[in-house]
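Peer 1: Can you keep this structure in mind? I'll have questions shortly.
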Amino acid sequence: MSDQAQALRKLVSSYRGLAEGSGKKRTARVLTVSSGKGGVGKSNFTLNFALALKSLGRKVLVFDADIGMANIDVLMGARPKYNLYHLLRGERKMSEIVELGTLGLPFVAGGSGLADLFLLSEADLNYFTSQIEIVAEEMDFIIFDTGAGLSKETLKFITAADECLVVTTPEPTSITDAYALIKVVHGLDEQVNFRLVVNRVNGENEARQVADKISLVSRRFLELEIPMLGYLRDDTHVMQAVKGQTPFITAFPASAAARDIQRLAMTYLNVPRNKPDDTLSGIKGFMHKWLRRDK
């Protein structure tokens, strides 16, 4: 554990040195990965997507924000000593709860403490915010793997973030639930940007068919465009990697799923960003919107 803590301090220090040397701080883009129902491969996508971004030279921090079903650490075979609960209670600093996973990917393990977020005092919330901002300044992307469905906590994460990646599969119930998620979130905040990820498809044609179904009803009833970011083919290597508690992008780099996630990450980096210098974007905007007491 001491070796990992030392490696983390070195990692964060190197990020800070780069930022100071350039004369400006990083502004991490905050995104959530969500789904209308469980069992669609959302957490597995989050982990491998983060690793794909990291392989492309981006600094990424993953938060496991799936209350009650947190499993990012399990997918990497990691055994974190602390989680988000310890930060929320003021028992540990941010630097102490960030773990290094596969290929040195920084992540924060989930915990039941998220359910108590809205019961914290102003002092505790301010401490929590300041601690997250310390690490956020050194990152390009902060990815929150949220719970599936429409819980209060999940909706708060989605409406506070810069954008939301909705993971679905070709199953009719998954498509219906993905649209239900989009509909509810859009009703709460029309400014949320969605992008669709279609998992476990036979190929691009099936992915397009799924995306078109969701896009059609979204345009018709919500007047909302939902672009497809990409897709992942159904690949037996994915389950093999899950059983081995190793991300498929590292366990089977030549597999169809690994090639798809790499292509998807490159596509994501080329997506035009709206208002990159907006003072209410990034982690400060996220915390401002997420911790509002009026919702």
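The values are calculated or read from the model by the stated rules, or taken from the named source; none is laboratory data. All of these numbers come straight from a predicted model, not from anything done at the bench. Here Cβ is always computed from backbone atoms with ideal geometry, including for glycine, and neighbour counts include all displayed protein chains. Heavy atoms of the whole protein, side chains included, go into the accessibility calculation; ligands, DNA and RNA do not. Shrake-Rupley method; radii C 1.70, N 1.55, O 1.52, S 1.80 Å.
Peer 1: Hey, could you check the stretch 198-221 for residues that are of a type in the set (S, T, N, Q), under 17 Å from T176 (Cβ atoms) and without any contact (Cβ under 8 Å) to a residue 60 or more places away in the chain and say which is surrounded by the fewest Cβ atoms within 10 Å (Cβ to Cβ)?
Peer 2: Among them, the one singled out is Q209.
Peer 1: Further question on the same structure: Identify all residues within the stretch 252-289 that are modelled with pLDDT of 95 or more and in contact with a His (Cβ under 7 Å, 6 or more places away or on another chain); write none if there are none.
Peer 2: Matches in the stretch 252-289: F252, S255, A257.
Peer 1: Contact list please: Cβ distance under 6 Å, first residue in the stretch 54-78 and among the aromatic types (F, W, Y), second residue buried (at least 19 other Cβ atoms within 10 Å of the Cβ), pairs at least six apart or on different chains.
Peer 2: Listed pairs, sorted by first residue: F63/V108; F63/F144.
Peer 1: Still on this structure: Of all the residues that make up the stretch 92-126, how many are at pLDDT 70 or above, of a type in the set (D, E) and closer than 23 Å to K289 by Cβ? Walk me through it before giving the result.
Peer 2: Quick first cut of the stretch 92-126, residues at pLDDT 70 or above only: 92-110, 121-126.
Now narrow it down to the ones that are of a type in the set (D, E): 96, 99, 122, 124.
Still in the list and also closer than 23 Å to K289 by Cβ: 122, 124.
Matching residues across the stretch 92-126 total 2.
Peer 1: Could I ask something else about it? Give me the residue from the stretch 171-183 that is under 21 Å from the mean Cα position of the chain (by Cα) and more than 22 Å from R273 (Cα to Cα) and, out of that set, surrounded by the fewest Cβ atoms within 10 Å (Cβ to Cβ).
Peer 2: So the first thing to find is which residues in the stretch 171-183 are under 21 Å from the mean Cα position of the chain (by Cα), and the list is 174-175, 177-183.
Imposing the further condition that a residue be more than 22 Å from R273 (Cα to Cα) reduces the set to 174-175, 177-181, 183.
Working: S174: 22, I175: 21, D177: 21, A178: 27, Y179: 22, A180: 14, L181: 24, K183: 16.
Applying the filter and picking the extreme gives A180.
Peer 1: Of all residues in the stretch 44-86 being of a type in the set (F, W, Y) and under 19 Å from Q131 (Cα atoms), which is surrounded by the most Cβ atoms within 10 Å (Cβ to Cβ)?
Peer 2: Applying the filter and picking the extreme gives F63.
Peer 1: Out of curiosity, is A5 open to solvent by 10 Å² or more (accessible area, probe 1.4 Å), at pLDDT below 75 and either over 14 Å from the mean Cα position of the chain (by Cα) or not aliphatic (A, V, I, L, M) (or both)?
Peer 2: yes
Peer 1: Still on this model: For the stretch 184-197: of the residues being without any contact (Cβ under 8 Å) to a residue 40 or more places away in the chain and open to solvent by less than 90 Å² (accessible area, probe 1.4 Å), which is nearest to A265 (Cα to Cα)?
Peer 2: The extreme case among them is L196.
Peer 1: Still on this structure: Quick check: is even one residue across the stretch 126-149 surrounded by fewer than 16 Cβ atoms within 10 Å (Cβ to Cβ) and aliphatic (A, V, I, L, M)?
Peer 2: yes
Peer 1: Continuing with the same structure: Please enumerate the residues belonging to the stretch 222-248 that are open to solvent by less than 20 Å² (accessible area, probe 1.4 Å) and assigned to a helix (DSSP H, G or I).
Peer 2: A241, F248
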